[in-house]
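The values are calculated or read from the model by the stated rules, or taken from the named source; none is laboratory data. Being a predicted model, the structure only gives us computed values, none of them experimental. For neighbour counting, all protein chains shown are included, and Cβ atoms are generated from backbone atoms with ideal geometry for every residue, glycine included. Calculation scope for accessible area: heavy atoms of the full protein, side chains included, ligands and nucleic acids excluded. Shrake-Rupley method; radii C 1.70, N 1.55, O 1.52, S 1.80 Å.
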Amino acid sequence: QVQLVESGGGSVQPGGSLRLSCAASGITFSFYRMGWYRQAPGNQRELVATITSGRLTDYADSVKGRFTISRDDGKNTVYLQMNSLKPEDTAVYYCNADHIIFQRNYWGQGTQVTVSS
């Protein structure tokens, strides 16, 4: 059974930082492209950042220079370091595991991030 379990969400003031973690089980983690997506109320889910098994990264323009995605294959965990947070970063953040060749795609349950003064 595949599980992606996010943690690290919470409430923070503008300019603050949070670090999200996503622990995966039930998959060969190192084979998957891992990603973070977010969905704000009334909006569609959008890509935040992805990291391939070869450590290639991609970011949404809105978070470039502020967020950093990383992975630890030994711990089957992907991280999202979020700095200089803005109110518009408020959303539920979801972890995603994607295997393009085998067409396997999995989602976590999401973790809430709220940026407010």
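Of the residues making up the stretch 66-117, those that are basic (Lys, Arg) and either part of a strand (DSSP E or B) or in contact (Cβ under 8 Å) with a residue 60 or more places away in the chain (or both) are 71, 86, 104.
Within the stretch 34-71, being within 21 Å of residue 24 (Cα to Cα), loosely packed, with under 15 Cβ neighbours inside 10 Å and over 14 Å from the mean Cα position of the chain (by Cα) holds for 54, 55, 56. Only one entry of 48, 63 meets the criterion of being modelled with pLDDT of 95 or more and not in a strand (DSSP E or B), and that entry is 63. The residue that is most open to solvent (accessible area, probe 1.4 Å), among those in the stretch 1-24 that are within 17 Å of residue 116 (Cβ to Cβ) and not in a strand (DSSP E or B), is 13. Being out of contact with any strand residue (DSSP E or B) (no Cβ under 8 Å at 6 or more places or on another chain), of a type in the set (Val, Ile, Thr) and outside any strand (DSSP E or B) is the requirement here; does residue 27 meet it? Considered against the rule, which asks whether it is out of contact with any strand residue (DSSP E or B) (no Cβ under 8 Å at 6 or more places or on another chain), of a type in the set (Val, Ile, Thr) and outside any strand (DSSP E or B), residue 27 comes out as no.
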